[in-house]
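Visitor: Sending over a structure as structure tokens; questions will come in a sec.
The values are calculated or read from the model by the stated rules, or taken from the named source; none is laboratory data. On a predicted model such as this, the values are computed, not experimentally measured, just so you know. FYI the Cβ positions are ideal-geometry reconstructions off the backbone, even for glycines, and counts take in every protein chain you see. Remember, those area values only see protein heavy atoms, side chains included, never the ligands or the DNA or RNA. Shrake-Rupley method; radii C 1.70, N 1.55, O 1.52, S 1.80 Å.
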Amino acid sequence: MAQQGIRAQQREQTRATLVRESRTLFATLGYAGVGLAEIVRTAGVTKGALYHHFSGKEDLFRVVLEEVQQEVGERVATAADAYGDPWDQLTAGCREFLTASTAPDVRRIMLVDGPAVLGWSAWRAMDAAASARHLGEALTTLIEAGVIPAQPVAPLVHLLSGAMNEAALWLSSPAARPADLPAAQAALDRLLQGLRVPQSAAGDGPAGE
């Protein structure tokens with residue numbers, strides 16, 4: 001049993017090494033610029049070891065993408081959880097998404113190569129599971145509370161996700177400047193504010209009271 005436990009631990013370490021090293025290569029060179037030979041050489045394993053854990057380069061990339069999406073999702077959740085008010089949670093989470101997505105490795109893997117390698121439908125399904133679901137839950141809470149007018153949530157989720165993904169790509173481009181991130185976050189705040197029911201209509205008293 002002890003020997004089996006050691007072998008299982010070694011297999012897990014090999015898998016973790018492959019994911020870690022391939023993530024660095026994908027982020028630096030891009031998916032198309034990385035071959036399996038380079039991945040196994042950098043990880044210090046054989047191709048047979050790689051195929052023991054993954055069906056190929058695309059399967060390995062999918063795992064790396066899931067890891068990146070999970071990390072971004074955790075950052076967004078942490079930022080949102082710092083607030084008690086649902087509206088503040090939404091705005092803080094959206095702002096953090098822009099910040100987290102501007103990291104070069106996140107942009108390259110999650111926003112550029114992700115949809116190109118896996119196809120839009122598969123990438124969108126992964127994105128929905130990682131972050132869009134949480135955005136939908138936050139918007140649903142605000143609609144139920146009367147903060148946002150009653151409306152179908154799915155179109156709103158897709159519109160906001162698309163806007164934030166596009167902003168993240170722009171913020172990570174060579175033309176971006178340091179001042180662009182706070183400017184984009186402020187623009188996002190104004191965009192989100194436009195979704196709210198006016199205070200007077202939400203039962204906060206007559207205007208000017």
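Visitor: Gain in length, Val112 to His158, computed as 0.36 nm per residue apart minus the alpha-carbon separation, to one decimal in nm?
Guide: Net length gain for the segment: 14.8 nm.
Visitor: Angle check, please: helix 180-193 long axis (alpha carbons) against the longest principal axis of the chain (alpha carbons), in degrees 0 to 90, nearest 10.
Guide: Between helix and principal axis, roughly 50 degrees.
Visitor: Could you check which residue among Ala27, Ala187, Ala138 shows the biggest mean-square fluctuation in a GNM of the chain with a 10 Å Cα cutoff?
Guide: In this elastic network of the chain, the residue with the biggest mean-square fluctuation among Ala27, Ala187, Ala138 is Ala187.
Visitor: Ignoring ligands, DNA and RNA, what accessible area per residue does the chain give at 1.4 Å, in Å²?
Guide: 54 Å²
Visitor: Which residues in the range 103-141 place their backbone N less than 14 Å from a point set 7 Å from the Cα of Glu67 along the Cα-to-Cβ direction?
Guide: So the set is 105-106, 109-110.
Visitor: Under the 0.36 nm per residue contour assumption, what length would be gained going from the current alpha-carbon distance of Tyr51 and Gln9 to full extension?
Guide: 13.4 nm
Visitor: Right, something else. Using helices alone, what [θ] at 222 nm do you get for the chain, with -39,500 (n - 2.57) per DSSP H run of 4 or more residues, divided over all residues and rounded to the nearest 500?
Guide: The helix-only estimate for the chain comes to -22000 deg cm²/dmol at 222 nm.
Visitor: Assuming R0 = 45 Å, can you tell me the calculated FRET efficiency for the pair Asp85 and Arg124, based on Cβ-Cβ distance, to the nearest 0.05?
Guide: 0.90
Visitor: Roughly speaking, to the nearest percent, how much of the chain's 1.4 Å accessible area is carbon and sulfur?
Guide: Carbon with sulfur: 55 percent of the solvent-accessible area.
Visitor: Okay, moving on. To the nearest Å, what is the center-to-center distance of the range 117-189 and the range 1-62, using C-alpha atoms only?
Guide: When both Cα centres are located, 32 Å separates them.
Visitor: Here are several values of Cα Rg over 2.2 N^0.38 Å: (i) 1.04; (ii) 1.98; (iii) 1.25. Which one was derived from the coordinates shown?
Guide: So the structure-derived entry is (iii).
Visitor: OK, next. Rank Leu111, Leu29, Leu18 by mean-square fluctuation in a GNM of the chain with C-alpha springs under 10 angstrom and give only the top-ranked residue.
Guide: Of the options given, Leu29 has the highest mean-square fluctuation.
Visitor: Tally Lys and Arg at +1 and Asp and Glu at -1 over the other residues with C-beta under 10 Å from the C-beta of Glu21: what net charge comes out?
Guide: +2
Visitor: Quick one: angle between helix 57-81 and the longest Cα principal axis of the chain, in degrees between 0 and 90, rounded to 10, please.
Guide: 30 degrees
Visitor: Asp189: net charge of surrounding residues, Cβ under 12 Å, Lys/Arg +1, Asp/Glu -1, itself excluded?
Guide: Net of charged neighbours comes to +2.
Visitor: On to the next question. With each label point set 7 Å from Cα along the Cα-Cβ vector, what nm distance links Ala77 and Glu38?
Guide: Result: 3.4 nm between the two label points.
Visitor: Kindly rank 40-50, 85-95 from highest to lowest mean number of other beta carbons found within 10 Å of each residue.
Guide: Packing proxy ranking, top to bottom: 85-95, 40-50.
Visitor: Shape of the range 118-180 from its Cα gyration tensor (a ≥ b ≥ c, root eigenvalues): rounded if a/c is under 1.5, otherwise prolate when a/b > b/c, or oblate?
Guide: oblate
Visitor: With springs connecting C-alpha atoms under 10 Å apart, model the chain as a Gaussian network and identify which of Ala32, Ala100, Ala79 has the largest mean-square fluctuation.
Guide: With Cα springs under 10 Å in the chain, the top fluctuation among Ala32, Ala100, Ala79 is at Ala32.
Visitor: Let me ask something else about it. Within a Cβ distance under 12 Å of Leu139, other residues only, what is the Lys/Arg minus Asp/Glu net charge?
Guide: Around Leu139, the surrounding residues sum to 0.
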